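Right, one structure below, let's go through it.
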Amino acid sequence: MPSVPLLMSSLLLLALLSPAARGFSPRPLLRRSFQTGSFSLGAKAVTSPDDGALDGYSARKVFMFPGQGAQFVGMAEDTAKSSPAAAALFSEASSILGYDLLSRCVSGPKELLDTTACSQPAIFVASMAALAKFEEEGGDVSSATAACGLSLGEYTALCFAGAISFADGVRITQARGEAMQAASDEAESGMASVIGLDKGKVGELCERASEVSGEQVAIANFLCAGNYAVSGSKKAIATVREIAKPEFKARMAVPLAVAGAFHTSFMEPAVAPLKAVLETVEVKRPRIAVVSNVDAMPHSDPAVIKQILARQVTSPVQWEATMETLLEGGFEEGYEFGPGKVVSGIMKRVDKTAKMTNVEV
């Protein structure tokens, strides 16, 4: 089993392929005020007087980027062969990382590609390569009105929006992957996907599992209605699996083969190393809105963006709220750039009429 799993792919397969999950109807869009952490969604988690420049953005055409778990051996082989621009990105990234990233994507081995330290820069570069090929073939990248990315994909969205350079994106995602792996190694923790409950019930399930086990578990990924991932100690995760169906009537609770309890306080040891690398890079105001995973809001102040990125590894991923916000903001079409179809699949779960185009690598 790889040391770091195909987290988002596993979640998507459960969301899209499970007969039980297919029977769960997405809930209507809403203006949300439910709590996550210490703030309410619908308000910015971090802000400043200079952070409102992108408020009121148009979500008409959104470029989206996948997160960790989308990687696969063979990724980007054809793209790098057919697109000089894509090949150049892999060459530049390899010089920064100190190894041949394209070779690792194309040939593996899978166990190495799936590690956080490798998969995070690999997906970042592969997604930017898909974007480069799209533009090289005449695709209109200037028409995007907003961008977003699933967890790791937020860095790709920021790079596309001009907030961080490609080279810095490679450095940050490598450091982020290494820091998250190190944090995972410090505690016996893990994740599980809970299918068939609304988020309120999943929250109650986590509270009960924490009470029974004496250890912590919490929602880590709000993906779409009926599909939420929880993170916590191994003992608490085992308790979630034991009580989810008999006590809370979940359709299933499936363990995820992940390195640790991502997007919870278990990742706190990763924050300081991530902050350290963020302090060394220049972050600019994005030219279009990039919707944050932390609060489903755009941020324009570079200092705030750095704070949000550091906070992201310990905060639940608000992807469901992000998709709803885009739909409420006039969404007409979306493009997913990079390996797999995770992001477009989730958007289709939230709104089956949503127009999505995949630009794979």
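Worth a mention:
- DSSP finds beta bridges in segment 189-256, and of those with both partners inside it, around 100 percent are antiparallel.
- Highest to lowest packing among 128-136, 316-324, scored as the average C-beta count within 10 Å: 316-324, 128-136
- Distance (nanometres) between label positions extended 7 Å along Cα→Cβ at Arg285 and Ser165: 2.1 nm
- Anisotropy class of the chain from Cα gyration tensor, a/c 1.5 cut: rounded
- The magnitude of the dipole of segment 189-256, with charges of +1 and -1 set on the Cβ of Lys/Arg and Asp/Glu and taken from the Cα centre, is near 220 debye.
- Separation between Cα centres of segment 91-131 and segment 234-268, rounded to whole Å: 30 Å
- Distance violations [Cα-Cα > 25 Å] among Lys44/Lys284; Lys61/Lys352; Lys110/Lys235: Lys110/Lys235
- Within a Gaussian network of the chain (alpha carbon springs, distance under 10 Å), most fluctuating of Gly108, Gly153, Gly69: Gly108
- 3J(HN,Hα) along segment 144-157: 5, 9, 7, 8, 7, x, 7, 6, 3, x, 4, 5, 5, 4 Hz, from the Karplus curve 6.51 cos²θ - 1.76 cosθ + 1.60 with θ = phi - 60°, whole Hz, x for Gly and Pro.
- Checking every one of the trypsin sites (Lys or Arg not before Pro) in segment 159-253 against DSSP loop status and a limit of 15 other Cβ atoms within 10 Å picks out Lys249.
- Top positive-direction residue, dipole computed over segment 69-149 with Cβ charges, set Gly69, Thr79, Gly138: Gly69
- Comparing Leu158, Gly108, Met297 along the charge dipole axis of the chain, the residue lying farthest to the positive side is Met297, per the Cβ-charge model.
- DSSP beta bridge pairing in the chain, given as percent antiparallel to the nearest 5: 55 percent
- In order along segment 354-361, the Karplus-derived 3J(HN,Hα) couplings, from 6.51 cos²θ - 1.76 cosθ + 1.60 at θ = phi - 60°, round to 4, 8, 10, 10, 9, 10, 8, 10 Hz, and Gly and Pro are given as x.
Read-outs throughout are calculated quantities, based only on the coordinates presented, and are distinct from any laboratory measurement. Here the structure is a predicted model, which is why all the values come from computation and not from measurement. With ideal geometry, Cβ positions are generated from the backbone for all residues, glycine too; neighbour counts draw on all protein chains shown.
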